[in-house]
Every structure is written in C-alpha cells, then in structure tokens.
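Here the structure comes first, spelled out in structure tokens, and everything after it is commentary.
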Amino acid sequence: MKGLDGVNLIPYVTGQNKARPHEVLYWKKDARAVVREGDWKLIRYPDRPAELFKIDEDISEQNDLSGQYPDRVKKMYKMIFAWELTLERPRWMLKKLYEQLDIELMDKYRKVE
C-alpha cells in the first residue's frame, strides 16, 4: 500500500524495541479528539472542557490536570486543530445520528452527573 503513514508496531508489541513508535499520536471519533505527546494526553470533547492527563503517573486517567497546566492544554489543543486541518471530513460525519449516544456513554464511563 502507498500513501499511508505509520510504523510497523510488531517490534514494539513483542518487546524487541523498547522505544516509543511515535512521540506524538493523534486519534479522533466524531467531534472528540485526542493527542498524546510524550506522557501527556489531552482529550477534547464536544460538550465539556478538555481533560489533560500525565499518563505515566495516572494510567487510569482519573486526575484531570487541565486546571494546573492551562498553557499545555492550549498548546495541545492547537496541535489537534492543526492536525485536523490535514484530514478529509469522513462521510459519516455528515450525520449526527449517534453523537448523543457517544456523549451518554462517556458520561457513564466518567461518572458525570
């Protein structure tokens, strides 16, 4: 295949390579987006403030650090926005049939009242 970015993850999964395959990693589902830069992870939601985690110290992502590191939140939020500008809009994004369900599932997971 041509035109794909990425690396072969097998050496990382098997333990042959102990380094990180990526220093920065992005992913997205509908209006939510995530960027991981080193051990920092920012989650952007469509209906609430972004959350920031230092996952080497908080692997379960229970301690939101966004209030303590507003400059990092701003930087990483801009990283997501710049990355999104490089993406084509997926066809399924034209319909919002399941967005409310996604929000309800995230509320249940995060125990938001």
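Throughout, read-outs are computed from the coordinates displayed, never taken from laboratory work. The shown structure was predicted, so the numbers you read here are calculated from the model rather than taken from an experiment. All Cβ positions, even for glycine, are placed from backbone atoms using ideal geometry, and neighbour counts span all protein chains on display.
Some observations on this one:
- The ellipsoid that matches the Cα gyration tensor of the chain has semi-axes, each √(5λ) in whole angstrom, of 24, 21, 15, with the longest given first.
- Our coupling estimate for segment 19-34, obtained by passing each phi through the Karplus curve with A = 6.51, B = -1.76, C = 1.60 and θ = phi - 60°, is 6, 8, x, 9, 7, 10, 9, 10, 7, 7, 9, 6, 8, 7, 8, 9 Hz, Gly and Pro reported as x.
- Surrounding net charge for residue 36, when Lys and Arg each add one and Asp and Glu each subtract one, Cβ distance under 12 Å: -2
- Percent RCO, i.e. relative contact order, over segment 22-110, from Cα pairs under 8 Å lying at least 6 residues apart: 19 percent
- A helix-only calculation puts the chain at -8000 deg cm²/dmol for mean residue ellipticity at 222 nm, using -39500 (n - 2.57) for each DSSP H run of at least four residues, averaged over all residues.
- Across 18/54; 28/74; 75/111, pairs whose alpha-carbon gap is larger than 25 Å: 75/111
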